[in-house]
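Below is one structure, written out as structure tokens; comments come after it.
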């Protein structure tokens, strides 16, 4: 199966799943909502949502994602299907020296809010260093990167709006272990991430 056929197959599968769920009158989980590291059971509360109700994800709640680098992980707090694809939000723990790709998103704006540590951001050609409380906005179609340039582990809250680009992070929950570069590139293409070069920071 070619890459194009694979992507088309996945899109059709998602649409069929959504249609079946809608017909059954229940919220759809979609292909991106694998149960993998579900931490919400600690409270015993359902954190699903529909168009008329909100949700609260308690401290320690969400879905745990091991980022495969020692000490780097994410707590996925709000998934796209839980917010009617309005936003996707996660908190990432990033050891000193951790850096992102130099990339852009075609379908989502991104916000990063530094909770702990020192993070350097590049948005287009502008470089800014910030500590706790610093907030960065990455518009869609603008290349950007970040790096933990401090000496301590940092924590950053990331938000995508609409949730489309966050599907890439959510999809990683479905992976039973590390994925190879080809699989990772296919996921990025599916969620319209574009890598534009090595991280310049």
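The values are calculated or read from the model by the stated rules, or taken from the named source; none is laboratory data. Since the model is a prediction, treat every value here as computed from it, not as a measurement. Please note: Cβ atoms are built from the backbone with ideal geometry, for glycine as well, and neighbour counts cover all protein chains shown.
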(request) Give region 191-201 a look and list any residue that's assigned to a loop (DSSP other than H, G, I, E, B), under 19 Å from residue 74 (Cβ atoms) and in contact with a helix residue (DSSP H, G or I) (Cβ under 8 Å, 6 or more places away or on another chain), or say none. (result) 191
(request) Give region 86-120 a look and list any residue that's over 14 Å from residue 155 (Cα atoms) and at pLDDT 95 or above, or say none. (result) 86, 87, 88, 102, 103, 104, 105, 106, 107, 108, 109, 110
(request) Using the structure shown, decide if residue 34 is surrounded by fewer than 16 Cβ atoms within 10 Å (Cβ to Cβ), out of contact with any strand residue (DSSP E or B) (no Cβ under 6 Å at 6 or more places or on another chain) and either outside the structural domain of residue 191 (by TED's automatic domain parsing) or modelled with pLDDT under 95 (or both). (result) no
(request) Have a look at 92, 152, 171, 118 and point out the one that is in contact with a helix residue (DSSP H, G or I) (Cβ under 8 Å, 6 or more places away or on another chain) and either assigned by TED's automatic domain parsing to the domain that holds residue 66 or within 21 Å of residue 67 (Cβ to Cβ) (or both). (result) 171
(request) Hey, can you tell me all the residues within region 157-190 that are part of a loop (DSSP other than H, G, I, E, B) and closer than 30 Å to residue 131 by Cβ? (result) 162
(request) Looking only at region 55-66, count how many residues are without any contact (Cβ under 8 Å) to a residue 60 or more places away in the chain and touching a strand residue (DSSP E or B) at 6+ places or on another chain (Cβ under 7 Å). (result) 4
(request) Mind telling me which of the residues 123, 87 ends up being assigned by TED's automatic domain parsing to the domain that holds residue 173, in contact with a strand residue (DSSP E or B) (Cβ under 9 Å, 6 or more places away or on another chain) and touching a residue at least 24 places away in the same chain (Cβ under 8 Å)? (result) 87
